[in-house]
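Quick notes on the structure that follows.
Where a number appears in this text, it was derived from the coordinates with a stated rule and is not lab data. Source: prediction; values computed, not measured. Quick reminder, even Gly has a Cβ in these numbers, built from the backbone with ideal geometry, and neighbours come from all protein chains shown.
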Amino acid sequence: MKLNRLKIFAAVVAVVLIASCKEEFLEVDSNGLITEDSFYQIEEQAFGALIAVYDVLGWDTFVNRTVGLNAASDDFYTGGGGSGDVGEIQVWSTYTLTPTFGPQAEYWRKAYSGVFRANVLLQKLPDTDMGASTKTRFEAETKALRAYFYFDLVRFFKN
């Protein structure tokens, strides 16, 4: 008897839920939604994209770049709190870097994130509504940043 009541209750709930779902409820209002197609229209948006390219420079901390590169050279011995401290840098100091363990994946990700952002901005910049001199400056800054990211890739990974 209880099982029948439970089945009837579940059927009623299912019918109510299905009947109450309307298509308008499931549609999302897109007011204020920014897409790639609606962005890069004016100078302020292009400036925001340029700042996004510069932002990648901030992802490199002192420890990542300076300590990592010095540990890979003979400038200092990687010590810290012991041989287990910051293992990704220790492997540079001990020349035991492997394809699966070390800081290289992070360097690769950061550099190519910067290259990607720069390429998107350079692609969209010609259609942006802004002054010619500002557009030229944004393009030059973006190309310089992209060159810097490529420089790091060549420095870390060679070919």
Original post:
Using the Karplus equation 6.51 cos²θ - 1.76 cosθ + 1.60 (θ = phi - 60°), what ³J(HN,Hα) coupling, rounded to whole Hz, does each residue of region 142-147 give in order, writing x for Gly and Pro?
Top reply: 5, 5, 5, 5, 4, 4
**OP:** List, in order, the whole-Hz ³J(HN,Hα) value for each residue of region 101-111 obtained from phi through the Karplus relation with A = 6.51, B = -1.76, C = 1.60 and θ = phi - 60°; use x for Gly and Pro.
**Re:** 9, x, x, 4, 5, 5, 4, 4, 4, 5, 4
Subject >> Radius 13 Å from Cβ of residue 47, net charge of other residues (Lys, Arg +1; Asp, Glu -1) >> reply: -3
**OP:** Could you compute the FRET efficiency for residue 116 and residue 12, with r as their C-beta to C-beta distance and R0 at 35 Å, rounded to 0.05?
**Re:** 0.10
Subject >> Dimensionless Rg over Rh [region 83-132; C-alpha; Kirkwood] >> reply: 1.35
Original post:
Using the Cβ atoms and a cut-off under 13 Å, what net charge is assigned to the surroundings of residue 113, where Lys and Arg are +1 and Asp and Glu are -1?
Top reply: 0
Subject >> Cβ crowding within 10 Å averaged over residues, with 113-121, 35-43, 145-153 ranked highest first >> reply: 113-121, 145-153, 35-43
Original post:
Put a dot 7 Å past each Cα toward the Cβ at residue 141 and residue 52; how far apart are the dots in nm?
Top reply: 1.5
**OP:** Would you tally the net charge around residue 131, using a Cβ to Cβ cut-off of less than 12 Å, leaving residue 131 out, and scoring K and R as +1, D and E as -1?
**Re:** 0
